[in-house]
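Peer 1: Sharing a structure below in structure tokens format, with a few things to ask.
What follows draws every value from the coordinates through simple rules; no lab data is involved. Here the structure is a predicted model, which is why all the values come from computation and not from measurement. Counting neighbours? That spans all protein chains shown, and the Cβs are built from the backbone with ideal geometry, glycine included.
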Amino acid sequence: MNDQAIRKPTFRELYTPKLATVLGEGYGLRGFQADAIAGLTVAIVALPLSMAIAIACGLSPDRGLYTAIVGGFLVSALGGSRFQIGGPAGAFIVLIFSIVERQGYEGLVLATMMAGAIMMIVGFMRWGAYIKYIPYPVTVGFTAAIAVIIFASQLKELLGLDLAREPAALVPKLFALAGAIGTIQAPTVALSVLAIAVILVLRRLRPNWPAILIAVALCSALTGLLHLDVATIGSRFGGVPRALPSPALPPFDLARMWTLLPDAFSIALLGSIESLLSAVVADGMSGRRHRSNCELVAQGVANIVAPIFGGMPVTGTIARTATNVRAGAKGPVSGMLHALYVLLFMLVAAPLAAYIPLASLGAILTVVAWSMAEREEFIALVRGFGGDALVLLATFLLTIFESLTLGIAVGVTLGAFLFLHRMAGAIEIREGAPSTGDDQADSSERATYDSDAASSADFMVYKISGAFFFGATAAVNAALDGIGKYPRDFAFDFADVPLIDTTAAKALRAFVLKLRRANTSVFIAQARPGVRRALMTAGLRETEVAYVDTLSEARERAQASHATTELVLGVAR
């Protein structure tokens with residue numbers, strides 16, 4: 001292996017934004033033209049979606065636009081992905097609504113800035129790669145749960161219900177909605193059905209058309225022309241401002257920051273998961289490779305700055321990022337232009353936003369919830385029963401009925417225990433080279449093995465296969481303790497052990513000490529360098545065991561040692 005292959009990347013290489021990489025490759029007019037078109041395509045999708053997400057979070061629609069503008073620009077300019085589009089995401093709706101209900105908007109701003117700092121720390125500590133260890137059933141579980149809660153949160157707007165206060169928790173929310181069922185408004189329901197139908201039909205028949213924008217424009221036009229008595233952005237919020245607000249910092253209160261710390265960790269965790277999943281999707285579509293830690297640092301900066309300009313939590317958005325790639329983007333400039341386009345739309349067309357019916361925005365989020373539910377994967381995991389189904393359902397139900405943070409925490413913990421159980425079950429320990437596996441049909445083929453390496457009365461070989469870690473220690477100890485009378489020489493075959501942890505190494509050392517007290521010579525054969533280092537760190541140094549390359553070498557050294565001993569004893573006699 002050459003030096004280049006084993007050289008660790010420098011800090012500069014890890015944290016240089018992809019924007020600098022793309023510009024350094026020779027970014028020209030053709031690339032800018034492609035990015036300008038892709039950015040416009042994404043902005044057309046992001047404009048109504050950002051407002052819809054903000055409203056669903058219990059905020060005014062302009063908060064979503066500020067987030068798309070400021071957060072989206074910073075994520076693209078500083079991030080480690082060529083195609084990432086940052087902005088408000090549907091996955092945050094449940095969490096943000098809960099924070100706003102408990103702490104108000106100022107509390108959300110402070111929690112988001114704290115989350116940004118956490119994400120930057122995670123990125124600079126190079127912990128971004130650990131996000132990939134979140135089990136797949138956990139991701140499917142909390143995504144499906146969020147989809148259910150998003151849909152429930154939009155029932156009021158879809159049906160036009162007259163409900164003064166809507167609880168954040170799902171069960172109280174459903175009871176409140178059921179109590180207001182008599183206030184359904186037919187025009188609102190008609191607009192909701194029309195918007196959903198337009199989006200779904202256009203996605204099927206004209207996938208390149210901006211279905212969301214067309215649905216919102218059509219519903220807005222009908223509302224104005226027919227003078228429909230339905231809730232609009234203008235009637236609910238008074239319209240959308242035509243400029244970014246002046247930057248403002250929230251009051252920093254240590255006691256309040258301590259109270260908001262769990263919320264900050266939740267925002268940081270969910271934002272990290274969502275953004276890195278989005279970057280992976282972009283990699284798969286483009287054939288490029290993102291830098292996860294650089295991406296987390298950029299997400300952290302965006303989450304610190306966006307709330308200062310009136311925004312909300314920022315993350316990478318999978319649907320908008322995929323749209324960016326499909327639209328032919330060449331690099332991060334498209335994401336930066338997308339943010340500038342949204343700003344331009346706000347400056348020029350803000351008065352028109354007052355006519356947008358909230359039913360059309362509820363329809364958008366209903367389609368988003370349906371798309372993000374991952375129904376096929378959910379059903380497949382449930383049908384599989386076993387541990388994965390348990391992890392999935394625990395995450396799903398806890399996220400719905402308790403909290404997103406608890407759902408992810410329990411899901412990851414159960415997933416970890418499931419993995420350990422499977423790894424422990426995969427460990428094998430057997431005497432000699434021939435293995436005693438499951439029953440098999442007779443075969444004319446004869447099993448072959450190294451007869452010189454097989455166990456004998458004086459030279460016993462135990463082969464361990466699989467990851468030897470604390471979960472497998474009990475099984476290995478039970479097998480070793482069942483040996484009975486110890487032989488003159490004992491060899492461990494570690495050829496099939498890829499790793500060993502401290503607990504297993506210490507347990508093995510305790511067994512070796514028993515062998516040594518019985519005057520048994522111990523050999524460890526074919527241990528990989530990393531495994532050997534772990535064993536020596538645990539105390540199994542060459543004064544207690546002999547490390548050899550092969551079992552044949554162990555046998556030869558044992559025979560030579562005993563031959564020398566017998567010769568010395570013979571001379572002494």
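Peer 1: With both bridge residues required to lie in the chain, what share of the DSSP beta bridges run antiparallel, to the nearest 5%?
Peer 2: 30 percent
Peer 1: Further, regarding this structure: To one decimal place, what Kirkwood hydrodynamic radius in Å is obtained for the range 226-335 from all pairs of distinct Cα atoms?
Peer 2: Kirkwood radius, the range 226-335: 16.9 Å.
Peer 1: Helix 358-372 versus the longest principal axis of the chain: what is the Cα-based angle in degrees, 0 to 90, to the nearest 10?
Peer 2: 20 degrees
Peer 1: Then there is this: What is the fewest-to-most order of 156, 18 by other Cβ atoms lying within 10 Å of their Cβ?
Peer 2: Fewest-to-most ranking of 156, 18: 156, 18.
Peer 1: Next up: Ignoring everything except DSSP H segments at least 4 long, calculate the 222 nm mean residue ellipticity for the chain; use -39,500 (n - 2.57) per segment, divide by total residues, nearest 500.
Peer 2: Estimated from H runs of four or more residues: -20500 deg cm²/dmol.
Peer 1: Additional query: Sorting 257, 119, 113 on the 10 Å Cβ count, fewest up front, what's the list?
Peer 2: So the residues, fewest neighbours to most, are 257, 113, 119.
Peer 1: Within the chain, how many lysine pairs that are 8 or more places apart, or on different chains, have C-alpha atoms less than 26 Å apart?
Peer 2: So the count works out to 11.
Peer 1: So how do 408, 267, 184 line up by other beta-carbon neighbours within 10 Å, fewest first?
Peer 2: Ascending number of Cβ neighbours within 10 Å: 184, 408, 267.
Peer 1: A further question on this structure: Which one, 103, 121, 14, projects farthest toward the positive side of the charge dipole computed for the range 7-166 from Cβ point charges (K/R +1, D/E -1)?
Peer 2: Toward the positive end, the furthest listed residue is 14.
Peer 1: Pairing the Cα long axis of helix 136-159 with the longest principal axis of the chain, what angle in degrees results, from 0 to 90 and rounded to the nearest 10?
Peer 2: 10 degrees
Peer 1: Turning to a different aspect of this structure: Looking only at the range 207-232, which residues have a backbone nitrogen under 17 Å from a spot 7 Å from the Cα of residue 201 in the C-beta direction?
Peer 2: Residues 207-223 qualify, since their backbone N sits under 17 Å from the label point.
Peer 1: So, with +1 on the Cβ of K and R and -1 on the Cβ of D and E, and no other charges, what is the size of the charge dipole of the chain about its Cα centre, to the nearest 20 debye?
Peer 2: Taking the Cα centre of the chain as origin, the dipole is about 1080 debye.
Peer 1: Specify the angular offset, from 0 to 90 degrees and rounded to the nearest 10, of the alpha carbon long axis of helix 170-179 from the longest principal axis of the alpha carbons in the chain.
Peer 2: Between the helix axis and the principal axis of the chain, the angle is about 30 degrees.
Peer 1: Could you tell me which of 85, 152, 135 has its Cα farthest along the dipole of the range 29-418 towards the positive end, charges placed at Cβ (Lys, Arg +1; Asp, Glu -1), taken about the Cα centre?
Peer 2: Of the options given, the answer is 85.
Peer 1: Using 0.36 nm per residue of separation minus the Cα-Cα distance, give me the extension gain between residue 286 and residue 125 in nm, one decimal.
Peer 2: 55.2 nm
Peer 1: Separate question: Which whole-number value in Å³ per residue fits the convex hull of the alpha carbons of the range 29-418?
Peer 2: Per residue, the Cα convex hull of the range 29-418 comes to 141 Å³.
Peer 1: In addition: Quick check for you: which residues of the range 249-285 have the amide N under 17 Å from the point 7 Å beyond the Cα of residue 413 toward its beta carbon?
Peer 2: Of the residues in the range 249-285, 262, 266 have backbone N under 17 Å from the label point off residue 413.
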